[in-house]
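The structure appears below as structure tokens.
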Amino acid sequence: LYLGTTRNNFEGKKVIHLEYEAYTSMAETEIKKICRDVRQKWPSVKHIAVHHRLGVVPISEASVIIAVSSPHRAESLEAVMYCINTLKASVPIWKKEIYEDEYSWKENKECFWANSE
């Protein structure tokens with residue numbers, strides 16, 4: 001199980017909350033693809049749950065949750081890591097960090113389109 005929560009600071013700035021937006025239909029398609037990939041890579045996986053919130057997410061609340069069950073922990077843990085890394089790299093969900101007096105749109109360093117020139 002991976003539970004990603006909203007932290008209260010970033011690079012010395014106090015974070016008030018996060019706001020997420022998505023290209024919803026494409027995000028759902030990409031998350032389903034990630035789940036299919038997990039089943040191919042780890043055939044022993046029994047169940048997969050992936051959920052990412054949209055809209056305002058207050059400090060200390062979860063933004064993303066990923067759960068994977070399998071007969072052995074190694075497959076589940078590897079699959080969870082794959083899910084979160086692939087989600088950050090390929091799913092069109094955008095995060096805006098709201099600070100006390102400004103905001104900043106964040107891109108995931110894993111995102112394949114972020115580094116293209």
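The values are calculated or read from the model by the stated rules, or taken from the named source; none is laboratory data. What you are looking at is a predicted structure, and each value in this text was computed from that prediction instead of being measured. FYI the Cβ positions are ideal-geometry reconstructions off the backbone, even for glycines, and counts take in every protein chain you see.
Observations on the structure shown:
- In segment 38-57, the residues that are assigned to a strand (DSSP E or B) and either touching an Asp or Glu at 6+ places or on another chain (Cβ under 8 Å) or surrounded by 11 or more Cβ atoms within 10 Å (Cβ to Cβ) (or both): ILE48, ALA49, VAL50, HIS51, HIS52, GLY55, VAL56, VAL57
- Residues of segment 77-93 that are more than 16 Å from THR29 (Cα to Cα) and within 15 Å of the chain's Cα centre (by Cα): ALA79, VAL80, MET81, TYR82, ASN85.
- Selection status of VAL68, surrounded by 16 or more Cβ atoms within 10 Å (Cβ to Cβ) and more than 22 Å from LYS106 (Cα to Cα): yes
- Selection count where residues are in a loop (DSSP other than H, G, I, E, B) and either at pLDDT 95 or above or out of contact with any helix residue (DSSP H, G or I) (no Cβ under 6 Å at 6 or more places or on another chain) (or both), scope segment 93-115: 8
- In this entry, GLU78 is excluded by the filter for residues that are in contact with a strand residue (DSSP E or B) (Cβ under 8 Å, 6 or more places away or on another chain) and charged (D, E, K, R).
- Residue match in segment 11-21 (condition: modelled with pLDDT of 95 or more, more than 25 Å from TYR103 (Cβ to Cβ) and surrounded by 17 or more Cβ atoms within 10 Å (Cβ to Cβ)): no
- Residue among ALA62, ALA74, ALA27 that alone is crowded, with 16+ Cβ neighbours inside 10 Å, among the small types (Gly, Ala, Ser) and either over 11 Å from the mean Cα position of the chain (by Cα) or modelled with pLDDT of 95 or more (or both): ALA27
- Checked against the criterion of being touching a residue at least 12 places away in the same chain (Cβ under 8 Å) and over 20 Å from ARG7 (Cα atoms), the candidates VAL56, VAL64, VAL80 yield just one match: VAL80.
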